[in-house]
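The values are calculated or read from the model by the stated rules, or taken from the named source; none is laboratory data. From a predicted model like this one, the values you see are computed outputs, not experimental measurements. Here the Cβ is made from the backbone with ideal geometry for all residues, glycine too, and neighbour counts use every protein chain on show. Please note that ligands, DNA and RNA were not included when accessible areas were found on the heavy atoms of the full protein model with its side chains. Shrake-Rupley method; radii C 1.70, N 1.55, O 1.52, S 1.80 Å.
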Amino acid sequence: MTDAGPVFREAALADVPAVVALVESAYRGASSRAGWTTEADLLDGRRTDEEGIAAIVADPDAVLLLAERPAGGPAGARLLGCCELRRTGDAAYFGTFAVRPVLQGGGIGASLLARADAEAVRRWGSAALEMTVIAQRADLIAWYERRGFSATGHRRPFPYGDERFGVPKRDDLEFLVLRRATGGPPGAA
């Protein structure tokens, strides 16, 4: 990367396999343990699949943003991170957020979040970003809180029995709903 950070673009259908591989590497299996966002202690199985990612790319009310290594940059994988934005009333849902595990903690996630925030305002005039996080992920929730998100008081059940979301290793999983106004803190540590 350059000092300016990653370059951003909207994903196309041709990007789907690379996005699936990135998301899986960030959340599941041994490779996810190289970063701090792993869910491997909570869930087995897949985090996503090509059908799910292709549906985001094809949805006119959604966008999948990619953070990439600039052309001519250091050798290595070009795709660094991704996130989904989906129009949901006055807010934009923020999800499918992943950064290559060996690069986590280097500012790519904060840059991608800032870009997503600006993109939600530009595309839809969104007043807020809203997301769900597994309630047992205290470290991840704290990361989002440092970036202006707060718990809404709403919880959503984990979809037990639907292996598209993983195979739970415990029976108490649920999602917290977090929200922040757009234009929130860009990435305070």
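Yes/no matrix, rows are residues, columns are (1) farther than 19 Å from L178 by Cβ; (2) open to solvent by 40 Å² or more (accessible area, probe 1.4 Å); (3) assigned to a strand (DSSP E or B):
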residue: V19; (1), (2), (3): yes, no, no
residue: S31; (1), (2), (3): yes, yes, no
residue: P60; (1), (2), (3): yes, yes, no
residue: A71; (1), (2), (3): yes, yes, no
residue: E119; (1), (2), (3): no, no, no
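Considering A120, A114, A181, A127, the condition of being touching a residue at least 12 places away in the same chain (Cβ under 8 Å) and touching a helix residue (DSSP H, G or I) at 6+ places or on another chain (Cβ under 9 Å) is satisfied by A127 alone. Candidates T2, T38: the one that is modelled with pLDDT under 90, of a type in the set (V, I, T) and crowded, with 19+ Cβ neighbours inside 10 Å is T38. Of the residues screened, A26 is not one that is of a type in the set (A, V, I, L, M) and open to solvent by 60 Å² or more (accessible area, probe 1.4 Å). Listed conditions (1) over 27 Å from D171 (Cα atoms); (2) at pLDDT 95 or above; (3) in contact with a Lys or Arg (Cβ under 8 Å, 6 or more places away or on another chain) are all met by Y93, apart from (1). Which count do you get for residues in the stretch 74-113 that are open to solvent by less than 20 Å² (accessible area, probe 1.4 Å) and of a type in the set (D, E, K, R)? Residues that pass the stated criteria total 1.
For the stretch 11-47, the tally of residues that are without any contact (Cβ under 8 Å) to a residue 60 or more places away in the chain and either touching an Asp or Glu at 6+ places or on another chain (Cβ under 9 Å) or within 20 Å of F175 (Cα to Cα) (or both) stands at 6. Among the residues of the stretch 31-74, those that are of a type in the set (A, V, I, L, M, F, W, C) and farther than 16 Å from L85 by Cα comprise A34, W36, A40, L42, L43, A71. One residue stands out among those in the stretch 144-170 that are in a helix (DSSP H, G or I) and open to solvent by 60 Å² or more (accessible area, probe 1.4 Å): the one that is farthest from R47 (Cα to Cα), which is R146.
One residue stands out in the stretch 171-188 among those that are among the hydrophobic types (A, V, I, L, M, F, W, C) and open to solvent by 50 Å² or more (accessible area, probe 1.4 Å): the one that is modelled with the highest pLDDT, namely A181.
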